[in-house]
Amino acid sequence: MELERFRQDISNALDASSIVAITDDKGVITYVNDKFCEISKYTREELIGKTHRIINSGHHPKAFFKEMWDTIRAGKIWRGEVKNRAKDGTYYWMNTTIVPFLNEDSTPHHYISIRTDITDRVIAQTELAERTAQLAKAHDEAIQANLIKSQFLANMSHELRTPLNAIIGYSEMLMEEAEELGLPTIAEDLAKIRNAGNHLLALINDILDISKIEAGKMDVSMETFSLSDVVQDVVSTVCPLIETKGNQLTTSCVEGAEMTNDELKLRQILMNLLSNANKFTDAGSIHLRVAPEARDGQDGYVFHVQDTGIGMTPEQMSKLFQPFTQADASTTRKYGGTGLGLAISKRFSNMMGGDIEVESKFGSGTTFTCWLPDKKR
Amino acid sequence: MKKILLVEDNELNRDMLSRRLVRKGFQVITAADGGQAIALAESEKPDLILMDMSLPVMDGWEATRQLKRREHLKSIPVIALTAHAMAGDKAKALQAGCDDFDTKPVDLARLLDKMMPFLQADTKD
């Protein structure tokens with residue numbers, strides 16, 4: 001009696017927790033619990049005497065059920081996730097365990113299936129997989145679109161430069177002629193055309209550079225060069241600009257130092273940093289200091305560009321190196337520029353194995369520090 | 001008067017640069033592609049060649065290589081001019097045999113600075 005009650009308790013526990021069905025050795029249903037009826041939406045009377053084909057969803061291939069039958073006929077336990085169809089045509093997913101009840105000779109005489117409802121989980125998984133696939137597709141498309149944009153910009157910038165060269169060249173030529181002919185007002189106007197042309201060219205060159213970087217077409221070319229020559233060249237190029245703003249430029253550079261890295265890119269970085277310092281400084285001073293500095297055991301040089309200009313807030317600094325972004329939109333209106341110079345300089349210095357950092361205090365100047373490795377050692 | 005061969009396929013750039021060089025006191029002859037450039041170098045014996053690199057038919061790199069292979073032409077200095085202000089282009093031009101390199105758009109003062117050493121060293125005429 002004790003044993004019988006124990007069996008009943010187990011049976012009650014099973015019925016309370018799971019969806020249970022029992023079939024004979026042919027798969028004909030001999031017992032279903034309430035939960036089975038509830039989820040399949042069939043009555044007990046409709047189920048008893050039928051096989052499980054009544055709830056077959058058609059989702060699984062024949063081989064799936066063959067493998068199941070082969071397993072349980074051999075007296076082994078089968079586990080699987082099965083999609084079923086309820087009487088009203090809706091689908092549900094079952095985590096299914098089928099246990100054979102065996103004869104003395106180990107052949108099954110009945111099978112019990114114990115199921116739990118995993119419909120929500122399967123739907124969630126399916127949705128997640130779909131969402132992941134959509135995201136991956138969107139991600140690929142975004143990358144592709146960005147690449148196309150960069151290639152377009154690179155091609156376009158090249159196309160734009162050819163007629164621009166003619167505009168700059170002819171206005172310069174006519175300017176010389178006007179000066180020689182003693183026509184200063186015409187020479188001045190021609191100078192304005194040339195200057196505007198040069199400005200436009202600088203903007204196009206920046207766009208070309210950033211799009212080349214983004215399209216992965218910017219290469220680093222190693223050369224050994226004299227640091228003081230580079231500094232001297234850059235300083236003599238920016239000097240006229242610096243004088244127009246009433247600024248003072250001082251430099252200190254190690255004498256006779258040679259460096260191996262990408263010379264053109266270094267020139268461009270220094271040009272950008274110095275013209276940037278000049279842009280945001282009025283009647284102040286700008287100091288360029290070049291000094292040897294090893295980082296992480298790698299020899300290199302550090303280039304400090306310090307100004308006494310308007311400085312930046314931490315918020316402004318955080319956006320500084322992003323392309324197409326200046327400290328804020330009003331900066332673009334007031335100070336001009338593409339907002340690409342610092343982004344290009346940062347990417348260049350990273351490509352060259354170094355980095356650029358900035359320190360600034362709103363209202364009291366900014367210091368850019370660019371460190372670049374010397375690749376010859 | 002020094003004779004300059006200007007090789008440039010863009011008509012505007014060719015016209016502009018040749019006129020500016022004439023105004024600086026040079027005699028200027030022009031070619032629009034690499035093949036013409038070699039033919040003119042043979043017939044005109046210029047003192048210096050300004051060579052655009054991106055040219056139709058035969059590009060500037062190939063034209064320079066061919067010029068530098070000819071015993072009687074290889075002493076003519078060639079300055080490469082290219083719109084591609086790219087690192088690596090300088091090396092590529094020098095490898096082809098160019099004697100110097102300048103980027104377009106032409107900065108006339110800068111270009112003249114690069115031309116002068118070759119023209120002063122030349123004492124043939």
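Taken together, the values in this text are just the output of simple stated rules run on the coordinates, not laboratory data. Just so we're clear, the structure is a prediction, and the values are computed from it rather than from any experiment. FYI the Cβ positions are ideal-geometry reconstructions off the backbone, even for glycines, and counts take in every protein chain you see.
Things to note:
- On a per residue basis, the convex hull of the C-alpha atoms belonging to the protein assembly as shown measures out at 310 Å³.
- Most positive-pole-ward Cα, A:153, A:110, A:252, against dipole of chain A from beta carbon charges: A:110
- Given 12 as the ceiling on other Cβ atoms within 10 Å, longest exposed-site-free region of chain A for GluC sites (Glu not before Pro) in DSSP loops: A:105-254
- Rel. contact order, % - alpha carbon contacts under 8 angstrom, at least six apart, the stretch A:1-131: 22
- Whichever lysines have a C-alpha closer than 19 Å to that of residue A:66, once near sequence neighbours (fewer than 8 apart) are set aside: A:26, A:50, A:76, A:83
- Just checking the listed ones, B:28, B:57, B:78: in the Gaussian network model of chain B with Cα springs under 10 Å, the one fluctuating most is B:57.
- Residue order, fewest to most surrounding Cβ atoms within 10 angstrom, among A:78, B:61: A:78, B:61
- Cα gyration tensor category, rounded, prolate or oblate, for chain B with a/c compared to 1.5: rounded
- 5 angstrom amide H check on residue A:309, placed H, neighbours 5+ away: A:365, A:366
- Pairwise centroid distance, computed over Cα atoms, of the stretch A:283-322 with the stretch A:31-63, Å: 75
- The stretch A:125-141 - phi-based ³J(HN,Hα) in whole Hz, Karplus 6.51/-1.76/1.60, Gly and Pro as x: 5, 4, 4, 5, 5, 4, 4, 4, 5, 4, 5, 4, 5, 4, 5, 4, 5
- Separation of alpha-carbon centers, the stretch A:67-96 and the stretch A:178-255, rounded to whole Å: 76
- Neighbours of residue A:198 by Cβ distance under 14 Å: Lys/Arg scored +1, Asp/Glu scored -1, total +2.
- Mean separation of Cα contacts under 8 Å (6+ apart) over length of chain A, as relative contact order %: 10
- When you restrict to C-alpha pairs under 8 Å that are six or more residues apart and normalise by the size of chain B, the relative contact order lands at 22 percent.
- Fluctuation leader among B:58, B:115, B:16 - chain B, Gaussian network, Cα springs under 10 angstrom: B:16
- GNM flexibility winner over chain A from A:125, A:316, A:306 (Cα, springs under 10 Å): A:125
- The stretch A:1-56 - Rg over Rh from alpha carbon coordinates, Kirkwood radius: 1.04
- Annotation: lysines with alpha-carbon distance below 23 angstrom to residue B:74 (same-chain offsets under eight excluded): B:2, B:3, B:45, B:90, B:92, B:114, B:124.
- When +1 charges are put on Lys and Arg Cβ atoms and -1 charges on Asp and Glu Cβ atoms, the dipole computed for the stretch A:110-218 relative to its Cα centre reaches about 780 debye.
- Karplus-derived 3J(HN,Hα), 6.51/-1.76/1.60, for each residue of the stretch A:48-59, Hz, glycine and proline x: 4, x, 9, 9, 5, 4, 4, 10, 5, 8, x, 6
- For the stretch A:90-247, the fraction of C-alpha pairs more than 22 angstrom apart is 74%.
- Its DSSP H runs of at least 4 residues, each contributing -39,500 (n - 2.57), put the calculated 222 nm mean residue ellipticity of the protein assembly as shown at -16000 deg cm²/dmol, to the nearest 500.
- Sequence-distant residues sharing a close amide H with residue A:33 (under 5 Å, placed H): A:20
- For the protein assembly as shown, the dipole from Cβ point charges (+1 on Lys and Arg, -1 on Asp and Glu) about the Cα centre works out to 1000 debye, to the nearest 20.
- In order through the stretch A:251-268: 3J(HN,Hα) via Karplus (6.51 cos²θ - 1.76 cosθ + 1.60), integer Hz, x for Gly, Pro: 9, 9, 9, 4, 6, x, 6, 10, 9, 10, 5, 8, 5, 4, 5, 4, 4, 5
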